[in-house]
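What follows is a short report on a single structure.
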Amino acid sequence: MGAMESPQYVLAIGTKKGLWLATSRDRTTWTLGEPQFLMQEIPSVGIDTRGGRTRLLAGVRSEHFGPTVVHSDDLGATWSEPESGSVVFPEGTDAAVERIWQIRPDAEHRPGVVWAGAEPISVWKSTDGGESFELNRALWGHSDRDQWGAGAGGAAVHTIVPDPDDDSLVHVAMSSGGVYRTTDAGASWTARNHGISAYFLPDPNPEVGQCVHKIAADTDGRLYAQNHRGVYRSDDRGDTWVSIADGLPADFGFVMLTHPRRSGTAWVVPLVSDWERVAPEGHLAVHRTDDAGATWRILDAGLPARDYNTVLRDAASVDTADPVGVYFGTRGGSVYASADEGETFHEVAARLPDVLCVRAAVVAGGRGAAQDGAGAGAQGAHDAGPVA
């Protein structure tokens, strides 16, 4: 596919069988490009608009060559990666990367810093814009590791949330293990799951081994979590969590998104349960809170009356336009976009392979980059990862 000329919005769609890029001037009419990396799995995408340029980053998994992170500075016209690979375990670790689950550019004032979460459970940091990554040794060698498990999709760090103001503060979420926090720039990590319930474990309130599906950060430092049965909020940076599931039709799901500017606004996509991973009554809908989870509204205008497909944890995103755009894709290959914070949706693409990852950004004439990430990890044989 050739380079696209000065689009205002770009939407990256990672699927089980390739990457699609769509562009738009109004977030209503989209032009969908030809597939890239066809027949290769794309479980993670990042869009980095810092420093006045747009860099696309994609976690590509080839059955023959294995996983890597590639990057493009011309909106997908060409792609590059180091000859020796971008995410490679150091000698002596006796491990190999299976899949890149998340790519997360850091804050504007940390140019070049990009995070990656991978399978097996590991966190990686790049200081050169995602061209090469270094393993975080503290998490890799953590004393809790023997208590972490693997979900149906594998054992992985699937969400990384760096604090925009405090360079030393980062939260991650893993499947399975729960939420972990560093306050010393990755030199040490501590479990932060107090108040999150795991009814299916012998200890229903474990601090380690939790099945958190996704986390996202609010503009005022709150954290939100979509759990394996449970939706939660933390007002103290993960020290404690409280349930905010009242008012939702179900408390299971994978998606958690937050507003890039307005405190208290978050979106989820409820599914019936771990044993019935479809929308309640087959009615796929987004739900939004504007009061930090005290109340929820169903948003389904423009969505099909019946849809039994699942939305995976990274198959949803927001942009930073005004009003904010909300995007998600399904395992049935449909991708939906809203230019009004979820009030109305329209279909961008249909009949694609399983959608694993969706990322949106304003890349020209808009208000900045996408919120790249907002998720957390799951646990145990109940978890659904990017492959099933």
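A short reminder: the numbers here are calculations on the coordinates, not readings from a lab. In this text the structure is predicted, and so the values were computed from the model without any measurement. Neighbour counts run over all protein chains shown; Cβ positions are idealised from the backbone, glycine included.
General observations
- Across the range 81-173, the convex hull enclosing all Cα atoms gives 101 Å³ per residue.
- Residue exposure sequence - Trp101, Trp267 - by fewest surrounding Cβ within 10 Å: Trp267, Trp101
- Extent along principal axes [Cα atoms of the range 194-283; Å; largest to smallest]: 35, 33, 18
- Spin-label model, Asp220/Asp236: points 7 Å from Cα along the beta carbon direction are separated by 1.7 nm.
- Summed over all non-identical Cα pairs, the Kirkwood treatment of the chain gives a radius of 20.1 Å.
- Whole-angstrom Cα spans of the range 13-159 along principal axes, big to small: 50, 35, 30
- For a label point 7 Å along the Cα-to-beta-carbon line of Ala96, residues of the range 48-73 with backbone N under 20 Å: 59-70
- The calculated Kirkwood hydrodynamic radius for the range 1-74 is 12.9 Å, given to one decimal from all distinct C-alpha pairs.
- If you model the range 204-359 as an ellipsoid using its alpha carbon gyration tensor, with each semi-axis the square root of five times an eigenvalue, the axes come out at 23, 18, 13 Å, biggest first.
- Ranked by how many other beta carbons lie within 10 Å on average, peptides 313-321, 169-177, 291-299, 36-44 from highest: 169-177, 313-321, 36-44, 291-299
- Point-to-point label distance, Ser243-Tyr308, nm (Cα→Cβ direction, 7 Å offset): 2.9 nm
- For the range 215-269 versus the range 275-345, the gap between their alpha-carbon centres in whole angstrom: 15 Å
- Distance in nm between pseudo-label sites at Asp203 and Arg110 (7 Å out along the Cβ direction from Cα): 3.0 nm
- Computed over the range 309-348, the ratio Rg/Rh where both radii use C-alpha atoms and Rh is Kirkwood: 0.98
- Ranked list, fewest to most other Cβ atoms within 10 Å of each Cβ, for Thr265, Thr93: Thr93, Thr265
- Principal axis dimensions, largest first and in whole angstrom, of the range 108-249 by Cα: 42, 34, 25
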